[in-house]
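The structure under discussion appears below in the form of structure tokens.
The values are calculated or read from the model by the stated rules, or taken from the named source; none is laboratory data. The structure presented is a predicted model; accordingly, all values stated were derived computationally and were not measured. A quick note on method: Cβ atoms are made from the backbone with ideal geometry, for glycine too, and the neighbour counts reach across all protein chains shown. Calculation scope for accessible area: heavy atoms of the full protein, side chains included, ligands and nucleic acids excluded. Shrake-Rupley method; radii C 1.70, N 1.55, O 1.52, S 1.80 Å.
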Amino acid sequence: MKKKKKAKLIVATHKQYDRIPSNNLYLPIQVGAELNKGKDLGYQKDNVGDNISDKNDRYSELTALYWAWKHVDAEYIGLVHYRRHFGGKNYHHGKDRLSWVITKDELEPMLDNYDVILPKKRRYYIETLYSHYEHTHYSNQLDVTFDIIKEKYPEYADTYEKVINKTSGYMFNMVIMRKDLLDAYCTWLFDILFELEKRLGTQNLDAFQQRFYGRVSEIIFNVWLEKQFEDGVIDKKRVSELPVVYLEEINFSKKLVAFLMAKFLGRKYQHSF
């Protein structure tokens, strides 16, 4: 009997990228392959087998998560982005940011002690998760999501209200989880998102704002996780956080200005940072 791989991290990418980690812990996935059939990046495509590749313009990296959920056979499965990764022991050591990314030899021993590995929490300080979403995107998307949760998973309603009023959370849809936990999460998540899509469609939004299904999932992942803590399904002692490595430079001044303009002037985000 073939032994399962200990871990596999899916790297969601829509373009060829020369800074994807080369060791076999990582599997780059060409997202939105169904929408770009003439485009071949040389990576595993997300439109093979059971997939939601044709939703990539709305679901973003979640089409890679769905593909991994259905097709990857490993004890632990993770999702990262071509430009965002988990940091390892060399984080912030040296100029080559790719060397900061966690390696297979660093990660796999951790998995004996942890069931879930997350990026460091993002803290908004002057915003709650709900108010930040309201200022940068469209709050009705979260409101309808909450309606669906109350209908389909009423036991999560109180947890949702608690989480949405926090000023920090785990973002980017980055996670490494034990496979059975990922199964449970994805079953819950996609059930909610598919219903949300039935109710909201694309809302005639521009290409950037149309990707709100992926953004909603960033928020409600925190709801699902908190509920697992409350129910004793996941022990907080078996959860670890790692820093996020940005392989590309980020203009934090520009990001702060956009954040403040969204909060105080009502200007929605128009692109990623």
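Sparse packing (at most 15 other Cβ atoms within 10 Å of the Cβ) combined with a DSSP loop state is found for the following trypsin sites (Lys or Arg not before Pro) in the stretch 106-148: LYS120, LYS121.
Taking a threshold of 32 Å on the Cα-Cα distance, which of the pairs LYS95/LYS120; LYS39/LYS152; LYS166/LYS237; LYS152/LYS236 fall above it?
Among LYS95/LYS120; LYS39/LYS152; LYS166/LYS237; LYS152/LYS236, the Cα-Cα distance tops 32 Å for LYS39/LYS152.
The length gained by stretching the chain between TYR246 and LYS37 to full extension, at 0.36 nm per residue less their Cα-Cα distance, is 72.3 nm.
Candidate membrane-span-like segments in the chain, meaning DSSP H helices with Cα atoms spread over at least 24 Å of their own axis and a Kyte-Doolittle mean of -1.0 or above, are 179-200, 212-231, with no membrane implied. Among LEU142, LEU79, LEU242, the residue with the largest mean-square fluctuation in a Gaussian network model of the chain, with springs joining Cα atoms closer than 10 Å, is LEU242.
For the chain, the antiparallel share of DSSP beta bridges with both residues in that region comes to about 40%.
For semi-axes √(5λ) of the Cα gyration tensor in Å, the value calculated from this model appears in (i) 39, 19, 15; (ii) 32, 22, 17; (iii) 27, 22, 21 under label (iii). Here the chain has 47 percent of its accessible surface on carbon and sulfur atoms, given a 1.4 Å probe and all protein chains in place.
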